[in-house]
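Notes follow the structure.
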Amino acid sequence: MPLRFTGMGSDSQATGNYPAGVYGSVLNLTCAGGTAKFYTTGIGNLEIDHLTLEDTGGDSVPFVLTTSTSLHIHDVSFLGSKTGTAADQDAIVLGTTGTEWFQGYGTVIRDNFFDYIRRPVYGLNAANSVQVVNNTVWLHSGSNLPDGAAIELDGSHSGGNGAEGNYITGNLIEQNG
């Protein structure tokens, strides 16, 4: 079954000025522990759009983690709490480092704004046929990993099934570290 979280618009602005709640719908996901803020394991569809997802607490669990669900995430602002090379929170993780593979083929991640985030998109086992298009990674983002990247596809975990057929284009990345 499809599931959708929608709002009246995210609060990111082209100027980088985004006082919480002034420009759109904010969903504060500040909580300690857990696997992720949104954790999906079923075959189906999850759409998140026109929202600001913020975590002001400082934990390092991802905002979205999925292993079998196709995602359509667009027009969303992801706001973490740590800056630059202290950032250790991923926004969207596709698959796990264990035996659970991402099989949400046809996933589209577009027109989003990421700030205070380590990796906006991290694709693991079988992160195939994913579109990452026209997103903005703002300058407070960064990575606490030696070889970290804003968009990282790594299909090598647990005999992984590669990361193939992905389409990544039009993303603006101004990331420290």
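Built from the Cα atoms of the range 112-154, the convex hull projects on average onto 3.2 nm², one quarter of its surface area. Relative to the 2.2 N^0.38 Å rule of thumb, the chain has a C-alpha radius of gyration ratio of 0.94. Computed over the range 87-143, the convex hull of the alpha-carbon atoms projects to a mean area of 3.8 nm². On the basis of the beta-carbon distance and an R0 of 22 Å, residue 111 and residue 8 show a calculated FRET efficiency of 0.90. For the pair residue 43 and residue 154 in one chain, pulling the backbone fully straight at 0.36 nm per residue adds 37.8 nm over the alpha carbon distance.
Working from label points 7 Å from Cα in the Cα-to-Cβ sense, the residue 172 to residue 139 distance is 1.2 nm. On the chain, 51 percent of the accessible area sits on carbon and sulfur atoms, based on a 1.4 Å probe.
The values are calculated or read from the model by the stated rules, or taken from the named source; none is laboratory data. Fair warning: this is a prediction, and the values are worked out from it, not measured in the lab. Cβ: placed from backbone, ideal geometry, glycine included. Neighbour counts: every protein chain shown. Each accessible area value is taken on the protein alone, full model and side chains, heavy atoms only, with ligands, DNA and RNA left out. Shrake-Rupley method; radii C 1.70, N 1.55, O 1.52, S 1.80 Å.
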